[in-house]
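In what follows, a single structure is set out as structure tokens and then discussed.
The values are calculated or read from the model by the stated rules, or taken from the named source; none is laboratory data. Small disclaimer: the values here were computed from a predicted structure and weren't measured. Virtual Cβ from ideal backbone geometry, glycine too; neighbours counted across all protein chains shown.
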Amino acid sequence: MDPPMNYDNDAVHHRNQYADNQGSSEYYNPVNSQQFFDDTSGQGIYRGDVNSPPPAMPNKMFTDPLASMALQYGSNFANSGQEYVNSNFARFVPVAALKYYFAVDNSYVFRKLLLLLLPYVHTDWSVRYAKSEPVAPRHEINAPDLYIPLMAFVTYVIVSGLVLGIQDKFSPENLGIIASTAFGMECLAVCLIFATLYFMNVNSALKTFDLIAFFGYKYVGMIFSIIIGVLTNGVGYYCTLGWTGLAVSFFLVRTLRLVISQEATSNVMGTVGKKRIYVLIMIALLQPMMMYWLTYQFIK
């Protein structure tokens, strides 16, 4: 009779053998060793250091001769277009002349505003010249400028919009109508004066930008009239408008007298002298009328 099998020893033997095989590098794992598909996930992918940047790819735009030619052609076309615009803009808009009218500083603006509001105390109305050219406005308070008229025009439009907002009448269309109406009236006034000088055969040294600047000074008084009129509800408006209207008329007559009435000193009662005086009177009456027409609508 055979001796009984020692299953406990056999189990221990198999467990020890399994443990030895797990620690050995020659352990055979049929699942892990069998590869069912080829691993293609890493093909064509840069597998360098994670901290190092990938290799630079060549820029085909600069290596392609057609792309380089197109880029050069576009650059030349842009440069030629810019030169064409600059040349034509300078031909129609005298940039050099406009620089003179904007040559101002803070001191000039303050003194000119005082002159526009209190012209009665000013005595010397002549404009100094240097080498047959008038001195820049920042050095000559009697010289015309376009900075104050432009800023006053913009401020007039803004103040008008604020007043309409206070009165619950504001709309973008009304703001556009106000600006376009004022601009159109300025153009008509300038054309009217030059047409009057032409048809009356009156020669003067008055330039277009000079007349635009002189007519634009009235917006300073218009701004004060609107603000005071809104605060005082009508009475202060008419008082301020009357003061600023007379001040602008006095300022224009004393300033333009030296430009339009150059020959009136020798022939005051002659035909030429009378025509020039008529033109001055027209300008003096036209500005207060325009000031009232452009501001009365904001007063209740």
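Overview of results
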read-out	value
Checklist (1) free of Cβ contacts under 8 Å to residues at least 12 places away in the same chain; (2) farther than 22 Å from Ile148 by Cα applied to Val202, failing item	(1)
Some residue of the stretch 125-132 being assigned to a strand (DSSP E or B), modelled with pLDDT under 95, out of contact with any Asp or Glu (no Cβ under 6 Å at 6 or more places or on another chain) and not aliphatic (A, V, I, L, M)	yes
Per-region count, the stretch 176-199, residues touching a residue at least 40 places away in the same chain (Cβ under 8 Å), more than 20 Å from Pro149 (Cβ to Cβ) and β-branched (Val, Ile, Thr)	1
Members of the stretch 284-300 that are buried (at least 19 other Cβ atoms within 10 Å of the Cβ), in contact with a Ser or Thr (Cβ under 8 Å, 6 or more places away or on another chain) and aliphatic (A, V, I, L, M)	Met291, Leu294
Residue in the stretch 144-156 that is crowded, with 17+ Cβ neighbours inside 10 Å, under 18 Å from Tyr292 (Cα atoms) and hydrophobic (A, V, I, L, M, F, W, C) present	yes
Index of the failed condition, Lys207 passing every other in (1) within 27 Å of the chain's Cα centre (by Cα); (2) touching a residue at least 60 places away in the same chain (Cβ under 8 Å)	(2)
Breaking point among (1) touching a helix residue (DSSP H, G or I) at 6+ places or on another chain (Cβ under 9 Å); (2) at pLDDT below 90; (3) buried (at least 17 other Cβ atoms within 10 Å of the Cβ); (4) of a type in the set (A, V, I, L, M, F, W, C), for Phe215	(2)
